[in-house]
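Below is one structure, written out as structure tokens; the observations come after it.
Readers should treat all values here as calculations from the given coordinates under stated rules, not as data from a laboratory. Here the structure is a predicted model, which means the values were calculated and not measured. With ideal geometry, Cβ positions are generated from the backbone for all residues, glycine too; neighbour counts draw on all protein chains shown.
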Amino acid sequence: METRTNDMPTVLVTGAAGGIGKASCDVFFEAGYRVIGVDRRPIEDLPYEVLHFDIGGLGNGDAACESFYQQVEELAQGRLNALVNNAAIQIVKPIEAITRYDWSETLDTNLLAPFWLIQRFLPLLRAAGGCVVNIASVHAMVTKAEFTVYATSKGALVALTRAMSIELAPHVRVNAVIPAATDTPMLRDGFGDNLEGLEVLGDYHPLKRIARPEEVAQIVLFLAGPQASFMTGAAVSVDGGIGACLHDPVVAR
């Protein structure tokens, strides 16, 4: 693992084993940040620190949570320039099949964990004049059948972004990124062997493809940097134009 000096900016990225999370860790590392990744899946042989922890359990407030917080604080060395709330779970079910556990697991990970992390690390963020980037989803704005739980959690995350941006200004900026379909393990798992369906999804985007994780990660890096210093409370779409696309099954003649 490469040693980084104390004067380098520090970023914490959750969901570091996933597509956007891993890409975000990589682009921040390449940009000269001290990177702290977090994921419930163990990851090894990376040039930056990755902590094995399930942030969905942060609401428990138990000894394991406190140990995790202290590990991050020790690694951050007094300041956190950026917090990227990327970790998420996606439950796709018809309304009749949704359970209480589905709701609690989704909201604990997709909505409440970002809040608990921001709340705990506010002193580190303020010390650095830092920023938060919440990874939402196109489902926060437009969605489809069986995505009720996921879409609700991501819509709430965008609302949380706006609310916290007001209260934490001017010392901490808070923005959201709204990706559309991105080539991540989570997306591919949802399609299974249906590669044709994945191609159809890509073709439906006006840009005729789904996003690459690094394309989303570059926007995250931009929002965390000085070029975006006048941006807070924003929800930036990285959606290949699909958010502007009207689905009309009637073909004009």
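On a 0 to 90° scale, report how tilted helix 63-76 is relative to the longest principal axis of the chain, with both axes built from alpha carbons and the result rounded to the nearest 10.
Around 70 degrees separate the two axes.
Going by C-beta contacts inside 10 Å, put PHE230, PHE115, PHE121, PHE28 in order with the fewest on the left.
Details: PHE230 7, PHE115 16, PHE121 22, PHE28 28.
Placing the least packed residue first, the sequence is PHE230, PHE115, PHE121, PHE28.
Would you mind computing, in nm to one decimal, how far apart the modelled labels at ASP189 and ALA145 are, each placed 7 Å from Cα along Cα→Cβ?
Label at ASP189, label at ALA145, 2.4 nm between them.
Which value, in Å to one decimal place, does the Kirkwood hydrodynamic radius take for segment 44-129 when every pair of different Cα atoms is included?
Details: mean 1/r = 0.0690 Å⁻¹.
The answer is 14.5 Å.
Gain in length, ASP45 to ASN60, computed as 0.36 nm per residue apart minus the alpha-carbon separation, to one decimal in nm? Present the calculation step by step, with values, prior to reporting the outcome.
On the way: separation 15, 0.36 × 15 = 5.40 nm, distance 3.02 nm.
Here the answer is 2.4 nm.
Normalised by the residues of segment 132-253, what does the relative contact order come to in percent, with Cα pairs under 8 Å and at least six apart? Don't jump to the answer; show the numbers that get you there.
Working: 169 pairs, mean separation 39.0, N = 122.
For segment 132-253, the relative contact order is 32 percent.
How would you rank HIS139, HIS247, HIS171, going from fewest to most other Cβ atoms within 10 Å of each one's own Cβ?
On the way: HIS139 20, HIS247 8, HIS171 12.
Ordered from fewest to most neighbouring Cβ atoms within 10 Å, HIS139, HIS247, HIS171 come out as HIS247, HIS171, HIS139.
Given an 8 Å cut-off on Cα distances and at least 6 residues of separation, report the relative contact order of the chain as a percent. Don't jump to the answer; show the numbers that get you there.
Numbers: 453 pairs, mean separation 48.3, N = 253.
19 percent.
Can you list the equivalent-ellipsoid semi-axes of segment 10-242, largest first and in whole Å, using the square root of 5 times each Cα gyration tensor eigenvalue? Walk me through the numbers on the way to the answer.
On the way: eigenvalues 143, 79, 64 Å².
Ellipsoid half-lengths, sorted descending, are 27, 20, 18 Å.
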